1. Would you mind classifying the chain by shape? Square roots of the alpha carbon gyration tensor eigenvalues, ordered a ≥ b ≥ c; an a/c under 1.5 is rounded, otherwise it is prolate if a/b is larger than b/c and oblate if not.
2. If you plug each phi of segment 9-24 into the Karplus form 6.51 cos²θ - 1.76 cosθ + 1.60 with θ = phi - 60°, what whole-Hz ³J(HN,Hα) values come out, in order, with x for Gly and Pro?
3. DSSP beta bridges in the chain, what fraction antiparallel, as a percent rounded to 5?
4. Report the residue, chosen from ALA116, ALA93, ALA18, that carries the largest GNM mean-square fluctuation when the chain is represented by alpha-carbon nodes joined by springs under 10 Å.
5. Taking Cα atoms, how many degrees apart are the long axis of helix 50-60 and the longest axis of the chain, rounded to 10 and kept between 0 and 90?
6. Which is the longest part of the chain that has none of the trypsin sites (Lys or Arg not before Pro) sitting in a DSSP loop with at most 14 other Cβ atoms within 10 Å?
7. Given a Förster radius of 30 Å and the C-beta distance between ASN150 and ARG65 as r, what FRET efficiency does 1/(1 + (r/R0)^6) yield to the nearest 0.05?
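Each reported figure results from applying straightforward, stated rules to the coordinates on display, with no laboratory input. All of these numbers come straight from a predicted model, not from anything done at the bench. All Cβ positions, glycine included, derive from the backbone under ideal geometry; neighbour counts span all protein chains shown.
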Amino acid sequence: MIADSSAWIELLRGTGSAADLRLRQALARGARLLMLYPVYQEVLQGAANPQKFMQLQGQLDQVPRYEPDVQNENDITPGAYGRGEAEGRAADACSWAVEGEMGDDARVDSITGTEANNGGWYVTGTASRLGGEVRSFGCSYRGGRVVDVNFS
């Protein structure tokens with residue numbers, strides 16, 4: 001079973017909606033659940049603060065990710081998640097983590113580098129707030145999750 005981000009959000013909020021109950025029942029009976037990388041990132045993006053982000057990431061990491069096999073390289077566009085482009089996933093996850101750390105009005109302006117590092121990725125870039133504050137950042141991404149964000 002693959003659930004959309006809206007179903008996971010309903011479950012995490014405990015709304016009692018049909019999507020919440022169906023996903024809750026699937027988990028209770030041990031159904032095979034898979035999560036798409038974009039869904040994982042969409043749900044994490046909704047974290048209210050860095051602490052909630054890390055807590056939510058820990059919960060979501062219990063669900064196996066689904067990445068489709070690509071039989072023909074010409075069947076997909078460059079940069080698609082199914083192509084195994086871990087750099088793109090690392091950059092996306094780090095962007096959301098940086099924005100979460102800086103606050104609601106923060107936006108990542110640029111990703112200046114993505115390098116293999118310690119079995120994962122190290123992502124660098126700049127981010128700004130509406131008030132004009134611009135900060136450079138470095139972010140470590142390993143095992144499908146953000147493990148550290150630093151600002152300079």
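1. Values: a/c = 2.14, a/b = 1.32, b/c = 1.63.
Oblate shape, in that a/c is at least 1.5 and b/c is the bigger or equal ratio.
2. Going residue by residue, I get 5, 4, 4, 5, 7, x, 6, x, 5, 4, 5, 4, 5, 5, 5, 4 Hz, with x marking Gly and Pro.
3. Among the beta bridges of the chain, antiparallel pairing accounts for roughly 90 percent.
4. Of ALA116, ALA93, ALA18, the Gaussian network model singles out ALA18 as fluctuating most.
5. Helix 50-60 and the main axis of the chain meet at about 40 degrees.
6. Value returned for the longest uninterrupted segment is 33-152.
7. 0.70
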